[in-house]
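These notes are about the structure you will find just below.
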Amino acid sequence: PIRLNPKYCPLVINWALQLLSTLKFLHSRGIIYYSMSQDWFVLSRNLSINIYGFCDADFVDSYGNRDTWWRRDGRNHEENTSAKIDLEGWAKFYFVLMIGNEYYGLEYLPPSSLPRGSPRPPLNDEIPGASVVQKCRDGEFEHTDDAWNAFVVDLVQRGYAIEGDSLAGFDPTAQGIA
């Protein structure tokens, strides 16, 4: 179940939209961000979310060389370069904010972490975009555009209006959040 105060749900959904839009942009330019964690997010005064710290990013530089000069986590990015890793990080971030810090609960464990043949329970559909989070978690989206479109459709079906990369008319200061 959602543990987040309902007052903050639109803010978290707004952040999810902004981050997914950012990933769409980066992926359209051939950049895999790799570091989807709260450690690399900053908030502006109006509580929009921004990412920084492209230390782990995977991209081709202006000379045509693939950048792999520094990886703080030691992972071999050559083997894992795809939008799926960013989408999994996005889903985990959104899921954590909606339900609390227990994101390594049974609902979120990647399939490789479960005992062989153990089904993982589906995410609670009460969470807006739960089916999209589950598909991102399971690596079912090849392209960020597909995840974006599915997330927007889910939100619209739940009564939210989307404008650009945010909830239409959402102003955290007017709602007493900021």
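Out of Arg120, Arg137, Arg158, Arg75, report the one residue that is touching an Asp or Glu at 6+ places or on another chain (Cβ under 9 Å) and either modelled with pLDDT of 55 or more or of a type in the set (A, V, I, L, M, F, W, C) (or both).
Arg137
Just for the stretch 6-46: of the residues that are open to solvent by 80 Å² or more (accessible area, probe 1.4 Å) and polar (S, T, N, Q), which one is nearest to Ala168 (Cα to Cα)?
So, considering only residues that are open to solvent by 80 Å² or more (accessible area, probe 1.4 Å) and polar (S, T, N, Q), the one nearest to Ala168 (Cα to Cα) is Asn46.
Please work out which one of (1) open to solvent by 60 Å² or more (accessible area, probe 1.4 Å); (2) on the phi > 0 side of the Ramachandran plot; (3) modelled with pLDDT of 65 or more is the condition Phe54 fails and give its number.
(2)
The values are calculated or read from the model by the stated rules, or taken from the named source; none is laboratory data. This is a predicted model, so every value here is computed, not measured. All Cβ positions, glycine included, derive from the backbone under ideal geometry; neighbour counts span all protein chains shown. Areas reflect the complete protein model, heavy atoms only, side chains present, ligands, DNA and RNA absent. Shrake-Rupley method; radii C 1.70, N 1.55, O 1.52, S 1.80 Å.
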